[in-house]
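All remarks here apply to the structure that follows.
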Amino acid sequence: MQNLINIETKNINGELIQTVNARDLHAFLGVKNHFKDWIKGRIEKYGFIENEDFVTFAEKTAKGRPSIEYAISINMAKELSMVERNEKGKQARLYFIECERKALEAVSPVKILNDPSAMRGLLLNYTEKVIALEHKVDEMKPQVEALKRISYSEGSLCITDAAKSLQMKPKALFSWLQGHDWIYRRVGGKSWVGYQDKIKQDLIEHKVTVVARNDGSEKLTEQVRITPKGLGKLSVLISE
């Protein structure tokens with residue numbers, strides 16, 4: 001098989017996978033747009049994620065200036081090739097598919113079991129993954145405990161107080177709740193009302209309060225409040 005584009009093994013998110021230098025792919029595809037504009041545009045348009053689909057690294061140019069390079073996964077390279085919709089893109093995609101096939105053949109279980117050095121490399125790779133996961137669990141423990149405390153606490157909060165607990169501005173929380181179908185205002189109404197599905201899920205509740213008027217009469221006011229369960233749910237959703 002002809003080596004159309006150089007492929008290297010890189011560590012992405014704790015996993016050793018085949019990657020391609022995005023600049024090399026850009027040159028092979030004959031893209032007219034400048035590389036920097038092309039790669040950033042493609043990442044934004046197709047939702048590629050750093051440290052999952054690609055990693056960046058600095059490399060000095062011939063003039064000694066640092067440039068940002070992108071090591072992209074084979075899957076990302078295939079998709080970038082396909083969206084070009086030309087003969088070069090088709091050729092590159094087929095090439096990457098063939099590279100994947102050969103890579104799978106090279107790591108057959110029988111060969112690994114009979115190769116001590118390959119076994120050591122495989123065990124080392126998985127050991128690194130386990131260590132990385134353990135670190136992530138340790139880092140998340142305080143967040144998990146905080147969510148538990150919120151979920152088990154008693155009493156609901158008004159949206160303003162809930163915003164303080166979530167460390168955000170009340171206006172921003174009102175906007176988020178409205179935009180994600182938690183609360184709304186009836187036509188001509190001034191008070192916020194909770195959506196029924198969120199009430200049934202015990203995420204929000206309505207509190208009716210009796211307020212005394214200056215003339216001695218009374219009026220009922222209704223207020224949307226966030227339950228402890230709702231606050232726990234929001235702390236996860238808003239941080240995503």
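So, R0 is 45 Å and r is the distance between the beta-carbons of I131 and R65; what FRET efficiency does that work out to, to 0.05?
Working: r = 36 Å, r/R0 = 0.81.
Efficiency computed from Cβ-Cβ geometry: 0.80.
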Compute, for region 157-237, the length of the dipole vector about the Cα centre, with Cβ point charges of +1 (Lys, Arg) and -1 (Asp, Glu) only. Units Debye, rounded to 20.
200 debye
Label-point gap, in nm, between R185 and R85 - each point 7 angstrom along Cα→Cβ
4.4 nm
Could you work out how much longer the chain between K207 and I97 gets when fully extended? Use 0.36 nm per residue separation minus the Cα distance between them, nm to one decimal.
33.6 nm
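With a cut-off of 8 Å between alpha carbons and a minimum separation of six or more residues, what is the relative contact order of region 33-107 in percent? Don't jump to the answer; show the numbers that get you there.
Details: 56 pairs, mean separation 13.6, N = 75.
RCO, region 33-107: 18 percent.
Values quoted throughout were computed directly from the atomic coordinates according to the rules given, and no laboratory measurement underlies them. All of these numbers come straight from a predicted model, not from anything done at the bench. Reconstructed Cβ throughout: ideal geometry from the backbone, glycine too, with neighbour counts over all protein chains shown.
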